[in-house]
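Asker: Here it is, the structure in full.
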Amino acid sequence: MFARVSTYEGRPEQLDEMHHEGLEHVLPALEMQDGYSGGLVLADRQSGKVLAVTLWESEQAMEATEDASEWLRIFSAESARGTICSVQRYEVLYSAIQQTPLSERSGESRSTEARRPSETSSPAQDAPSAISHQQQQEAES
């Protein structure tokens, strides 16, 4: 598995817009890419700094998406009225993400699906996805 890590600097007040645009446009586009295995988006709401980590089945799959990924980075940066600071590529040596019920979590961000739970939804509806979209679909079958 390989990872592409993109660092952005944006306006803190634009992070919610970046979040929305990411869910509506960037995530669906990534999921259409062959070899996409998942990802994380980490944000510092005080500074506006964002790290986006996309995971790929192989180095070849990651390399094959370079052009599409460049456009997605540009779109993401513009949605936060920010800039792309760096793009780095890594081999993933170790990965472990545990699913934790919302009742046991602390902090504002509760979902790897990059959305905030609504106040009226149940914990089961808001349970974070700690596995790839494909693995989640297989688990539901």
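Coordinate-derived values only; no laboratory data. Model, not experiment: these values are computed from the prediction. Methodologically, a virtual Cβ is constructed for each residue, glycine included, from the backbone with ideal geometry; neighbour enumeration extends over all protein chains shown.
Asker: Evaluate the charge dipole of segment 2-91 about its Cα centre and quote only its size in Debye, nearest 20, assuming +1 on the Cβ of each Lys and Arg and -1 on the Cβ of each Asp and Glu. Each step should come with its number before you reach the end.
Answerer: Details: 7 positive and 17 negative charges, 77 e Å.
I would put it at about 360 debye.
Asker: I need two numbers for segment 2-91: Rg to one decimal and Dmax as a whole number, Cα atoms only, in Å.
Answerer: 12.3, 37
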